[in-house]
Every structure is written in structure tokens, then in C-alpha cells.
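Quick notes on the structure that follows.
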Amino acid sequence: MKINVLILTLIGVFAAMSSFAAVASDTTVIEFTDKGVKKRVTVLTEGGKNFDVPKVLNLNNLLLEIGVDSAERKEAMIMVEGNDGKKDTILVVARDGRTIKIVARNPFPERATETDDRWTSNQKKDSAKEEGGNNDGDDDDVQVLGKKRFFSKSDFGIYLGLNGWQNNNPVSPNQLTDLRTGRSRYVALSFRKNATLLNTEQLDIALSLGPEIAWYNFMLQNDNIVTNVGNQVAFLEGDQQLSKSKLVMPYVNLPILLNFGFEESQFQIGVGGYVGYRFGGYSKTKDANGNKTRFKDDYGMNDLFYGLTGELGRRRGLKLFVRYDLNPMFNDNQINANKLQAWSVGIRI
């Protein structure tokens, strides 16, 4: 019952974030001179989806980056080249269903005194200011309207890393709660919405929120096993040689991060926290002959978890993450493991 309520709550929050992001949709406007067709070209695309301006900026390359198929690109180029110097408006459709509007005109306008290769705009603003700058000279005379968002409206990520626990209690001379840290793995699937709070020339700030499904895999050292003895979790020496012995804890959680994006370096930092709910638990062993044994049990683990998290990395690339549970993994009445706290580190791709 608890898990059903939590899942419904997370779905509701995720749907609310989706609605919020949908309301804040943008129109992206890119204006430049295409030297190949000798036209002044303005491209408008609805939806505000992120894409990069190609290094060689012309109409064909830009439509390719946006996601317009080759047949539509070819037709658009023919129409732009054949408008006999008159202003013309052309509509094409990207692969994701967005309508792309192209306005081509002649003669060339006067050269802009200030140009830039950064672009995009929020057309909901009553007036859009042109940004200043200078590109590499190959695609001069590029006018920029407004500013592109640093953070996409939504994203999917996979967390891969190592996990462990601290505050090990010396319950035996052999520290039977010790782990093989290099083989204790953390995996999570992340569905995230990003709501931009601040959008400036140097810094973007966004609130990121979305559900995750994650797994802790705690690999025990030597031939040790985890079991229950009289309603108490116990870490004991096994009676046979084992190639694997682990405790697995799956959970669904809801992280909330405040993300800072730095335009010049394209670097981002996120800090925040999370709350999670454990929806299972089991131990698994594998002996030297390959025989596997699995026992499903909660082993006295807490149902609810909460902690702190941080991420850093390039805007488009791998990001490092760290997580630390603030509350113990096991219930207070578990005298053999009542102070163990979990942590994880790794990358988000």
C-alpha cells in the first residue's frame, strides 16, 4: 500500500512538472546570411528544443541539426534559391513534428556592427535585443535574438557508480560488515524535468526534479553472508567458499537539485537532496561451483531514506555525482547494523 501511494505521488509530481514545462515553451529565432544562396535567412522553430548551431552556418546545415529530413531540406533549398529576390516564407516539418518557418529575402541588409554565433530567443518577450560578439569569420553577419536556455526542459540519465556504507560496527574481530567496495555497484535510472529560474548572459539557474529507480548492491568480503537470526540482521562467516555474496536494496526516490550553468565554460554544478522509499530487498550468494542462492527479505532495513546529493560536469557530457544517506540503513533495533549509512559515487550519462 505504501509503495502504491508513493508511486502515485511521484507520478503526480512528474506530471505537474511536465505541465509547467509545457506552458513555458519557446520559439527559437535564428537570423543569418547564407552565402551559398545569397539570401538573408530567418529560421523560426516552435518548442524551444535544444540543438547546436553548426560551425559552418548555412540553411542546409541548420535544418539538418534541427532534425529536418533530407527530402524536405532539398525542397526548402530549391524554394529559397528560386524566389527571384523576393521575400518568401517556407514551412518545413522536423522529424519530431515541429513546424519550422523559413523567411528568405533580398537584397542583403546592411552589415551588422556586432555579431555573434550564440543565438535563440524567447519570443514571448515583447522586445528582443541583439547580442554582441564575434565569431570565427566564416559565418559573419549572424544576428542573435534573445538567448538560448542552458538546461533542456527534460532529460533522461543513467547513474553508474560504486556504493558502500560507513560507521561500521566492529561486531566481530573480522569486521564482517566490511565490503568489497570496488565490486559494490550503484545503478539508477533518472527521469528529470528542469524548470529554468534564471536565464542571463553568464549564468543559468534551474530547478531539477524527477523520479528515479535505483539499486544499491553491497558486496560482502570473503565468504561472509547476511542473514536473520531472531529478528536481528546478522553478518556471519559462511560455511562454504563463495565467489559472490551481496545484499541488494532497490528503491524509488525523488531528488531535487538546484543546478547552476555557466555559459562561458559550459560547466554546470548541481546541489540538493533526495527522499526515497525502499520497495524490496534480498541477499544473493554464488558458490565456487556457480550455484546461486537468493533470499528475499528486508533484513530490518528502513523503508524511507533521505540524504544529500551533488553533481558537476560539462553541459553535454559525463557528470560526476555523489550521494550520502543521512539516516541509517537499518532500524534502530538492529543492534548489529543500526548505524550503517550508505553512500555512492560515480558518473551520470
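At-a-glance table
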| item | result |
| --- | --- |
| Some residue of segment 276-299 being in contact with a Ser or Thr (Cβ under 7 Å, 6 or more places away or on another chain), at pLDDT 95 or above and surrounded by 18 or more Cβ atoms within 10 Å (Cβ to Cβ) | no |
| Number of positions in segment 305-319 that are closer than 20 Å to Gly280 by Cα and either surrounded by fewer than 16 Cβ atoms within 10 Å (Cβ to Cβ) or aliphatic (A, V, I, L, M) (or both) | 1 |
| Test: residue in segment 235-257 that is more than 24 Å from Ala342 (Cα to Cα) and modelled with pLDDT under 85 | yes |
| Test: residue in segment 242-264 that is under 25 Å from Asn199 (Cβ atoms), free of Cβ contacts under 8 Å to residues at least 60 places away in the same chain, crowded, with 16+ Cβ neighbours inside 10 Å and of a type in the set (Ser, Thr, Tyr) | no |
| From Ala234, Ala206, Ala214, residue being small (Gly, Ala, Ser) and closer than 17 Å to Asp178 by Cβ | Ala234 |
| Flag if Asn336 is in the same structural domain as Trp215 (by TED's automatic domain parsing), over 21 Å from Tyr251 (Cα atoms) and assigned to a loop (DSSP other than H, G, I, E, B) | yes |
| Only one of Glu65, Glu75 that is loosely packed, with under 15 Cβ neighbours inside 10 Å, in contact with a Phe, Trp or Tyr (Cβ under 7 Å, 6 or more places away or on another chain) and modelled with pLDDT of 60 or more | Glu65 |
| Yes/no for Ser190 being polar (S, T, N, Q), within 22 Å of Asp303 (Cβ to Cβ) and surrounded by 15 or more Cβ atoms within 10 Å (Cβ to Cβ) | yes |
| Number of positions in segment 294-338 that are touching an Asp or Glu at 6+ places or on another chain (Cβ under 8 Å) and of a type in the set (D, E, K, R) | 1 |
| Of residues in segment 167-188 being within 17 Å of Val226 (Cβ to Cβ) and at pLDDT 85 or above, the one nearest to the chain's Cα centre (by Cα) | Arg185 |
| Test for Val322: is it of a type in the set (Val, Ile, Thr), surrounded by 14 or more Cβ atoms within 10 Å (Cβ to Cβ) and in contact (Cβ under 8 Å) with a residue 40 or more places away in the chain | no |
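The values are calculated or read from the model by the stated rules, or taken from the named source; none is laboratory data. Since we're looking at a predicted model, the values are computed, not measured. Please note: Cβ atoms are built from the backbone with ideal geometry, for glycine as well, and neighbour counts cover all protein chains shown.
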